């Protein structure tokens, strides 16, 4: 397979996993630490997580396609493909399953902030689920990086 496709493979892993870690482990916590307005911090963090979800969807789709075209049926016996698929499913569940629920709860709470409303407990529970999924995805990202290093491209 050509070198550009191989280089894009490495870039996709780096962009996806690096972005996950940067946003989830560095940027979001710093927003909540340094901004006095927690609602603003949450809004900005939410926008960053949404952007990373679309990065993940694009990178994950490319990685799956690349692996299937490069290795054919043998790709199904590689851990890399299964880790990528699981990460992709987690991204989709978060972005298209959980995030709409969180957005709906915020909208229902208006004009109050959701954390100052009767929806606080439900929002916190769903936010917790989203956080756990993101943490699992981030850990799987480490596996993806390590698997990339040992699998032929």
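Would it be correct to say that residue 74 is at pLDDT below 95 and either over 25 Å from residue 120 (Cα atoms) or in a helix (DSSP H, G or I) (or both)? Yes. Listed conditions (1) at pLDDT below 95; (2) in contact with a helix residue (DSSP H, G or I) (Cβ under 9 Å, 6 or more places away or on another chain); (3) within 21 Å of residue 11 (Cβ to Cβ); (4) in a helix (DSSP H, G or I) are all met by residue 149, apart from (2).
For residue 51, the test of being under 12 Å from the mean Cα position of the chain (by Cα), within 17 Å of residue 130 (Cα to Cα), assigned to a helix (DSSP H, G or I) and at pLDDT 95 or above is passed.
Residue 55 meets all of the listed conditions (1) within 20 Å of residue 91 (Cβ to Cβ); (2) loosely packed, with under 15 Cβ neighbours inside 10 Å; (3) touching a helix residue (DSSP H, G or I) at 6+ places or on another chain (Cβ under 9 Å) but one, namely (2).
Looking at this structure, is residue 63 in contact (Cβ under 8 Å) with a residue 24 or more places away in the chain, under 21 Å from residue 146 (Cβ atoms) and either within 12 Å of the chain's Cα centre (by Cα) or outside any helix (DSSP H, G or I) (or both)? It is false that residue 63 is in contact (Cβ under 8 Å) with a residue 24 or more places away in the chain, under 21 Å from residue 146 (Cβ atoms) and either within 12 Å of the chain's Cα centre (by Cα) or outside any helix (DSSP H, G or I) (or both). The residue that is surrounded by the most Cβ atoms within 10 Å (Cβ to Cβ), among those in region 125-134 that are out of contact with any helix residue (DSSP H, G or I) (no Cβ under 8 Å at 6 or more places or on another chain) and more than 26 Å from residue 61 (Cβ to Cβ), is 125. The residue of region 95-121 that is farthest from residue 63 (Cα to Cα), among those that are assigned to a helix (DSSP H, G or I) and in contact with a helix residue (DSSP H, G or I) (Cβ under 6 Å, 6 or more places away or on another chain), is 114. Scan region 86-119 for residues that are surrounded by 15 or more Cβ atoms within 10 Å (Cβ to Cβ) and farther than 22 Å from residue 45 by Cα and jot them down. Passing the criteria: only 86.
The values are calculated or read from the model by the stated rules, or taken from the named source; none is laboratory data. In this text the structure is predicted, and so the values were computed from the model without any measurement. Positions of Cβ are generated from backbone atoms using ideal geometry, with glycine treated the same way; all protein chains shown enter the neighbour counts.
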